[in-house]
Amino acid sequence: MTFFLGSLTAADWPGQESQWNGYAKYDFKVDQRPAYVVVPNHPAPGNPWVWRARFPGFHAEADLLLLKRGFHIAYINTNDMLGSPTAMGHWDNFYDFLTEKGLAKRVALEGVSRGGLFVYGWVARHPDKVACIYADTPVCDFKSWPGGKGKGVGSSGTWQRLLKEYDFTEAEALAYDKNPIDILAPIAEAKIPVLHIVSLNDVVVPPTENTFVLAERYRKLGGTIEIIEVEEGTEKSQGHHFTHPDPKRVADFIEKYAAHP
């Protein structure tokens, strides 16, 4: 079946076609990195899309609602790069590839957990290319996770990988001033709306060291951010995972700001 996207059809996507929850999914590579696009049955005007950062299948309920509303869902695997400059280079090329194919110039970014490092790193570089941000228990300061330098449990193995990925010494990482909490000015200036969801007992990515710090700073800069608070995440995940309480609110938020007439 062919779906018309203006001058673009789903058949124009490269790679292997499969099905994801009843929608056509195309797997291909950009910059030698695995990537994919899930195509709606009836694309909305302007070809709006959601770009997922890390854990793309987690809490996908809102994505399914958005597919029904004509959004594309896209993902590139830069999983172990933790939002580093190398990852951002791949993201730049992925964005260019998708927009040249005909997707909207302004995208909705979704980041889960460490995906916050990717989302905020990229939007701070390209605020003109982002319609809105939705982040799910996001890392907003890598000193908190994976560094474990505050009240969180941290991850020593991932911290060592981060030092290698960024080519940092421990001291350089601790002095780094381009974490999400530090790079909000261009995002606020562009008036990009933000929605986060957190669990209050999360000890992996504690909201008091991440989302709540970011929110306070973003509001002081004139930015708008909403926060959905879940009282308790699961014991198994140390509070980091939970059943999503309101996927429709997320889908409505993204559609409000990222749909194009």
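At a glance:
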{"quantity": "Region 32-56 - residue that is aromatic (Phe, Trp, Tyr) and assigned to a strand (DSSP E or B) and, of those, farthest from the chain's Cα centre (by Cα)", "calculated": "Tyr36"}
{"quantity": "Residue in region 141-156 that is assigned to a helix (DSSP H, G or I), under 30 Å from Leu103 (Cβ atoms) and open to solvent by 10 Å² or more (accessible area, probe 1.4 Å) present", "calculated": "no"}
{"quantity": "Tally of residues being more than 18 Å from the chain's Cα centre (by Cα), assigned to a helix (DSSP H, G or I) and hydrophobic (A, V, I, L, M, F, W, C) across region 201-259", "calculated": "1"}
{"quantity": "Hey, Lys29 farther than 19 Å from Asp246 by Cβ and either in a loop (DSSP other than H, G, I, E, B) or touching a Phe, Trp or Tyr at 6+ places or on another chain (Cβ under 9 Å) (or both) or not", "calculated": "no"}
{"quantity": "Region 195-219, residues that are hydroxyl-bearing (Ser, Thr, Tyr) and within 14 Å of Tyr120 (Cβ to Cβ)", "calculated": "Thr211, Tyr218"}
{"quantity": "Conditions (1) assigned to a helix (DSSP H, G or I); (2) without any contact (Cβ under 8 Å) to a residue 24 or more places away in the chain; (3) aromatic (Phe, Trp, Tyr); number of the one not met by Phe118", "calculated": "(2)"}
{"quantity": "Any hit, region 151-159, residues being more than 30 Å from Glu231 (Cα to Cα), free of Cβ contacts under 8 Å to residues at least 40 places away in the same chain and not hydroxyl-bearing (Ser, Thr, Tyr)", "calculated": "no"}
{"quantity": "Residues of region 227-240 satisfying the condition of being in contact (Cβ under 8 Å) with a residue 12 or more places away in the chain and open to solvent by 70 Å² or more (accessible area, probe 1.4 Å)", "calculated": "Glu229, Glu231, Glu232, Gln238"}
{"quantity": "Set Thr234, Thr224: member being among the β-branched types (Val, Ile, Thr) and either modelled with pLDDT under 95 or touching a His at 6+ places or on another chain (Cβ under 7 Å) (or both)", "calculated": "Thr234"}
{"quantity": "Failed item in (1) within 23 Å of His244 (Cβ to Cβ); (2) in contact with a Gly (Cβ under 8 Å, 6 or more places away or on another chain), with Gly102 passing the rest", "calculated": "(1)"}
{"quantity": "Filtered residues of region 248-261 (kept if surrounded by fewer than 18 Cβ atoms within 10 Å (Cβ to Cβ) and either at pLDDT below 90 or closer than 20 Å to Phe55 by Cβ (or both))", "calculated": "Arg249, His260, Pro261"}
{"quantity": "Candidate set from region 26-41 (those that are closer than 10 Å to His72 by Cα and without any contact (Cβ under 8 Å) to a residue 60 or more places away in the chain); member that is surrounded by the fewest Cβ atoms within 10 Å (Cβ to Cβ)", "calculated": "Asn41"}
{"quantity": "Scope region 70-103; condition in a loop (DSSP other than H, G, I, E, B), at negative phi and open to solvent by less than 10 Å² (accessible area, probe 1.4 Å); matching residues", "calculated": "Phe71, Thr78, Ser84, Leu103"}
{"quantity": "Matching option when the condition is closer than 28 Å to Ala131 by Cα and out of contact with any Gly (no Cβ under 9 Å at 6 or more places or on another chain), among Pro206, Pro180, Pro193, Pro245", "calculated": "Pro245"}
{"quantity": "First in region 101-113 and without any contact (Cβ under 8 Å) to a residue 40 or more places away in the chain, second anywhere and open to solvent by 10 Å² or more (accessible area, probe 1.4 Å), Cβ under 8 Å, 6 or more apart", "calculated": "Lys105/Thr99; Lys105/Lys129"}
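The values are calculated or read from the model by the stated rules, or taken from the named source; none is laboratory data. Quantities reported herein were computed from a predicted structural model and do not represent experimental measurements. All Cβ positions, even for glycine, are placed from backbone atoms using ideal geometry, and neighbour counts span all protein chains on display. Each accessible area value is taken on the protein alone, full model and side chains, heavy atoms only, with ligands, DNA and RNA left out. Shrake-Rupley method; radii C 1.70, N 1.55, O 1.52, S 1.80 Å.
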